[in-house]
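Worksheet for the structure shown next.
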Amino acid sequence: MSKLFLQRCITPDCRAEYKLDERLYVCSRCGGLLDIEGAEDIGIDAASLRELWRERRASVDERDRSGVWRFREFLPFDEDTKLVSLGEGNTPLYDAPRSADYCRLPQLKLKHQGCNPTGSFKDTGMTAAVTQARKLGARLVVCASTGNTAASLAAYAARAGIDCAIIVPSGQVSNAKLAQALDYGAKVQEIEGNFDSCMNKIRELSEDESIYLVNSINPFRIEGQKTVAFELAEQLEWRVPDHLVMPGGNLGNSSAFGKGFRELLKSGLIDRQPKITVVQAEGAAPFARFYSHHEHGFVNEEHPQTLASAIKIGAPVSWQKAWRVVSETGGSVITVSEQEIADAKAIIGRDGIGCEPASATTVAGIRKLVSDGTIKENETVVAVLTGHLLKDTDYVMKYHSGTLITPDGSLVIRN
Ligand SMILES: *Cc1c(COP(=O)(O)O)cnc(C)c1O
Ligand SMILES: [Zn+2]
C-alpha cells in the first residue's frame, strides 16, 4: 500500500501543492485554505477495509482502540508515526425518542461527540494536529478558542509533552472549559474582545517557526475530525442517513464531516452522501445569511451574540469548505432562536442525554426542517451533539430556575 498525501490549496484557479511537512496553514501563494489530498485512492477495496476496521475493534493496540486512528488508512501519517492519543472517538449513537417526538419524527438518532475524552468533538481533530505538531518538532502549540478547542489542545499537548498557550475572550468562556485547560497545564491568556479578535492575535503569533497553530484552519485537524463520518457510517452498517444535522461556528466540523463522506463515497464504502445541514444561532449566523443571499459574497458578523458560546463566531475560517459540503450534498443552513435552543436542550436532557447549548441547535433545527417539509417523516435523520452537558452548567442552572437571559435582554421561558 502506498500513501501519497499532500496539501493542496482549495482556491479553484490556484490549487498550489505543498508537502505534508511544510509548516503552513494557508496557501503561501494566494492565502486560500488548504486541504489534504491523497485519501481518495488508497488501493484497498471496500469489503477488505470494513473487515479490517471491524477486527481492530477487538484489538488492544492503542492505535486500534482510538476511534480516529482505527481508520488510519485515510489519514496522512506513516505507519510508524508516534501518535498522541487519548483514546478519542468511539462515541455513542443514541436513539432519542422524546427528541424525535418533539421534532415530529418517528425516529431520531443523536451522535454524541461530547463523549470524547475532554468532552467535545475537538479531540478527534486534536489527536491528528498534535501528532503533526510533534512530527514537525514544534516547541509550543497555540490556539484561539471559545473554550473547547483550548481544553482539548491543552490535554493533547500535555500528552505530547509540548508547551501549550491559548488565547480566549475575557469573561466569555465557561469555568468548566477554563478549568480543563488550566488543569492540563496550558498558559491561558484572556484578551478583551471576542473569539475573532483572539484569532487575529493567534495568526500574528504563528509567524514564529517553533510555534504551531492548531485552530481549525489547520488541515490536519480536519483530517482527524473527518473520521467521525467513518465511525457513524459503520454504526449504521454503512447505510447513511438521509439527513445529517450539526451546529456551525467556525465550520470546521461540517467541513470535516463532508470530507469524510466524500472520501467514503469515492472509495465505494457508501453509495450516497447524507444531506448535510448546518444550524446557527440567530445572533451569530453569517453562514446562514450567505446561504440565503450569496450574491453579495460572504459577510462576517461584527458582533456575534448567543448564549451558545461554542458557536459565537462571526468570521468562520472554514466557510468555503463548509459551503462546498452543503451545496454538494443538497443540505441547507438555517438559524434557531435562543428560546428554541433552550427548549431543545431540555428535551434532549429528558432523553437522558446531556449536551451543551450549541449542540441543541440541531434538535431545534430539525424540528423546524420537519415542520417546513424539508425533512420528510419517512426520512432518516442523525443530529450531531458536539459537546457535553457539564461544559456549561451555569446555563442549565439558570434555565431551570427561570433566570436565563438572552444577549438582547429577554428572559428565556422554561417550558
Ligand atoms: C467547536 C464547537 C462547535 C462548532 O464547531 P465548528 O467546527 O467551529 O463549526 C459546536 N459545538 C461545540 C460544543 C463545539 O465545541
Ligand atoms: Zn492558493
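Some values worked out for this structure:
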item	result
Some residue of segment 306-315 being within 16 Å of ligand 2 (Cβ to nearest atom) and at pLDDT below 95	no
Of all residues making up segment 120-150, the number that are touching a Lys or Arg at 6+ places or on another chain (Cβ under 6 Å), of a type in the set (Gly, Ala, Ser) and either more than 11 Å from ligand 1 (Cβ to nearest atom) or closer than 24 Å to Ile191 by Cα (or both)	2
Given (1) surrounded by 14 or more Cβ atoms within 10 Å (Cβ to Cβ); (2) more than 16 Å from ligand 1 (Cβ to nearest atom), number of the condition Gly31 does not satisfy	(1)
Identity of the residue in segment 255-271, under 21 Å from Ser216 (Cβ atoms) and of a type in the set (Lys, Arg), that ends up surrounded by the most Cβ atoms within 10 Å (Cβ to Cβ)	Lys259
Selection status of Asp123, free of Cβ contacts under 8 Å to residues at least 40 places away in the same chain, part of a helix (DSSP H, G or I) and not aliphatic (A, V, I, L, M)	yes
Selected residue (criterion: nearest to ligand 1 (Cβ to nearest atom)) from residues of segment 3-15 that are over 17 Å from Ser318 (Cα atoms), surrounded by 15 or more Cβ atoms within 10 Å (Cβ to Cβ) and not charged (D, E, K, R)	Phe5
Helices (runs of 4 or more DSSP H) contained in segment 265-382 and holding at least 3 residues among the polar types (S, T, N, Q)	319-329, 357-371
Yes/no for Ala157 being among the aliphatic types (A, V, I, L, M) and at pLDDT below 95	no
Candidate set: segment 7-41, residues that are assigned to a loop (DSSP other than H, G, I, E, B) and polar (S, T, N, Q); chosen: the one farthest from ligand 2 (Cβ to nearest atom)	Ser28
Close pairs from segment 25-50: first within 30 Å of Glu237 (Cα to Cα), partner within 16 Å of ligand 1 (Cβ to nearest atom) and not β-branched (Val, Ile, Thr), Cβ under 7 Å, at least 6 apart	Asp35/Pro219; Ile36/Pro219; Ile36/Glu223
Number of positions in segment 89-111 that are crowded, with 24+ Cβ neighbours inside 10 Å and either within 16 Å of ligand 1 (Cβ to nearest atom) or over 21 Å from Ala360 (Cα atoms) (or both)	3
Candidate set from segment 161-208 (those that are without any contact (Cβ under 8 Å) to a residue 40 or more places away in the chain and of a type in the set (S, T, N, Q)); member that is farthest from Gly314 (Cα to Cα)	Gln189
Residue check, Ala344 surrounded by fewer than 20 Cβ atoms within 10 Å (Cβ to Cβ), within 14 Å of ligand 1 (Cβ to nearest atom) and either of a type in the set (A, V, I, L, M, F, W, C) or closer than 14 Å to Leu404 by Cβ (or both)	no
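Yes/no matrix, rows are residues, columns are (1) farther than 18 Å from Ser145 by Cα; (2) within 16 Å of ligand 2 (Cβ to nearest atom); (3) under 19 Å from the mean Cα position of the chain (by Cα); (4) outside any loop (DSSP other than H, G, I, E, B):
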| position | (1), (2), (3), (4) |
| --- | --- |
| Val173 | no, no, yes, no |
| Arg203 | no, no, no, yes |
| Glu231 | yes, no, yes, yes |
| Gly249 | no, no, yes, no |
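The values are calculated or read from the model by the stated rules, or taken from the named source; none is laboratory data. Nothing here was measured: the structure is a model prediction, and the numbers come from that model. So basically every Cβ, Gly included, is an ideal-geometry build from the backbone, and we count neighbours across all protein chains shown.
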